[in-house]
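The values are calculated or read from the model by the stated rules, or taken from the named source; none is laboratory data. This is a predicted model, so every value here is computed, not measured. Positions of Cβ are generated from backbone atoms using ideal geometry, with glycine treated the same way; all protein chains shown enter the neighbour counts.
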Amino acid sequence: MAKKEKANRKAAAEAAAATAEPASGKRIEFTPGAWRFYNAQSEAVKAAFGIALARLETDGRLAPPQGKPIAPNLYEIRVKVNPNQYRLFYCYFDPNGVLVLSGFVKKTRKTPQHEIDKAKRIRGEVLR
C-alpha cells in the first residue's frame, strides 16, 4: 500500500509542476514601434527572436551572446540571421514584466549611440 500511495503523490506532484507557472516567468510586452519592427522582419528573423523571447519569458533573463546589458535597466536581444544582425532593446517594468522598446538592423561593429539613446528615451516615456 505504501508504494501505491508514494506513486500517487509523485504523479500528483508532477501534474502540479506541469501546470504551474515558471518561478521566474516574465510577461513580455512590446511598444508599438518595437512591434512594427518585429513584424516587418522575415520569418527566419522572427523565429530567431521567438527563441530568445521564449527563453527570456521562462528564465527571466538572457545570457551572452543572446542577451547583453547596455545600461541600467536596458538590455538587448541579439540575433544573427546571415548575413545580418538584428537587435531588440528591452527593459524590466515590474518584477514580472519585460517591455520591448525598439529594434534595429545592426550594420556596424558597435551599437550606434543614437539607437541606445532612442531606447532610453522610449523607456523614460513609457515608464513614467
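ARG87 versus (1) within 22 Å of GLU125 (Cα to Cα); (2) modelled with pLDDT under 95; (3) charged (D, E, K, R): which is the lone unmet condition?
The one condition ARG87 does not meet is (2).
Taking segment 44-78 as the search range and keeping residues that are free of Cβ contacts under 8 Å to residues at least 12 places away in the same chain and assigned to a strand (DSSP E or B), which one is nearest to ILE122 (Cα to Cα)?
Among residues in segment 44-78 that are free of Cβ contacts under 8 Å to residues at least 12 places away in the same chain and assigned to a strand (DSSP E or B), the one nearest to ILE122 (Cα to Cα) is PRO69.
If we keep just the residues of segment 30-81 that are closer than 17 Å to THR111 by Cβ and charged (D, E, K, R), which is surrounded by the fewest Cβ atoms within 10 Å (Cβ to Cβ)?
Looking at residues that are closer than 17 Å to THR111 by Cβ and charged (D, E, K, R), I get LYS80.
Of all the residues that make up segment 98-124, how many are surrounded by fewer than 16 Cβ atoms within 10 Å (Cβ to Cβ) and either part of a loop (DSSP other than H, G, I, E, B) or at pLDDT below 95 (or both)?
Count: 5.
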